[in-house]
1. Tally the residues that are at pLDDT below 85 and either under 16 Å from the mean Cα position of the chain (by Cα) or surrounded by fewer than 14 Cβ atoms within 10 Å (Cβ to Cβ) (or both), restricting the search to segment B:65-81.
2. How many residues does segment A:56-65 hold that are more than 11 Å from chain B (Cβ to nearest Cβ) and not in a loop (DSSP other than H, G, I, E, B)?
3. Being within 14 Å of chain B (Cβ to nearest Cβ), within 14 Å of DNA strand D (Cβ to nearest atom) and part of a helix (DSSP H, G or I) is the filter here, so list the residues in segment A:20-44 that pass it.
4. Any idea which of A:15, A:62 is closer than 28 Å to residue B:96 by Cα, exposed (fewer than 12 other Cβ atoms within 10 Å of the Cβ) and in contact (Cβ under 8 Å) with a residue 24 or more places away in the chain?
5. Of the residues that sit in segment B:22-33 and are more than 8 Å from DNA strand C (Cβ to nearest atom) and within 20 Å of residue B:2 (Cα to Cα), which one is surrounded by the fewest Cβ atoms within 10 Å (Cβ to Cβ)?
6. Can you say whether residue A:8 is assigned to a helix (DSSP H, G or I), within 25 Å of residue B:117 (Cβ to Cβ) and within 12 Å of DNA strand D (Cβ to nearest atom), as far as the supplied structure shows?
7. Taking residue B:47 and the conditions (1) modelled with pLDDT under 90; (2) farther than 21 Å from residue A:92 by Cβ; (3) facing chain A (nearest Cβ under 10 Å), which numbered condition does it fall short on, given that it satisfies the others?
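The values are calculated or read from the model by the stated rules, or taken from the named source; none is laboratory data. None of the values given here were measured: they were computed from a predicted structure. Reconstructed Cβ throughout: ideal geometry from the backbone, glycine too, with neighbour counts over all protein chains shown.
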DNA sequence: CCTTGACTTGAACCGCGCTTCAAGTCGCAG
DNA sequence: CTGCGACTTGAAGCGCGGTTCAAGTCAAGG
């Protein structure tokens, strides 16, 4: 039971052009063809979920492709995951501090906001 | 006491080309010129700190320019800050979930990792 | 005066992640 | 057989955030 590109597009929320683009980048492969038309395995959908998730996480498509190509027992893969985990952690901390600055900014009374000492300090912390 | 572009570049960590680029985008303005050379107020440095911080936070340069142009008592500004705060919060949550997935991935024993049920589930949660 | 070297400009180029377009090829309905 | 419409391709284009380049200008020092 293979899916055509329109169906994969609809279910994954990715444009057909994006799917072809991902194929060029080595992220996905159609299982076969009906004439010229790509036919995808259902499994491709979960692969795409993984891809969009990783992409949203700030992985580049090239990084994701490398992950997906990585063989089993790949210690390099694990190491890269761990490295990315550290990166993401740092980003979370940074964004959390920034969120706090914004939260304060939205309610503070200083006028120009840029002069608010709390805001200024928050910005410095958020760096 | 005005600073020239090399000094601002060095202290801000931004390339001169980036400073000129920001000028074209309306983010900064030199206070004057020495001949052709830009002369910046010291204040520009804190403005740049604010800019890089906001940029790191995921604001586009266009958004930042709009913020900086916003007048005092600007309720629109506050509203945009609040909106961005919500955006950033969401992103923090999402990245936090992702970080947890990666954290697990780095230590889990499944081989291909993609088959790990915990990982799969974490991905679904992270969406 | 002439060189040196840091600046100036506008325009071109880059990588990323796609989208859009023109031109061509299918399968199916009538 | 003849459309029609949904797919195919490669190439070009786009928005973002810059960098790089060639050509020009200027101030200071020898």
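1. 10
2. 5
3. A:44, the sole residue that qualifies.
4. Just one listed residue meets the conditions, A:62.
5. Ranking the qualifying residues of segment B:22-33, first place goes to B:32.
6. Answer is yes for this residue.
7. Of the numbered conditions (1) modelled with pLDDT under 90; (2) farther than 21 Å from residue A:92 by Cβ; (3) facing chain A (nearest Cβ under 10 Å), the odd one out for residue B:47 is (1).
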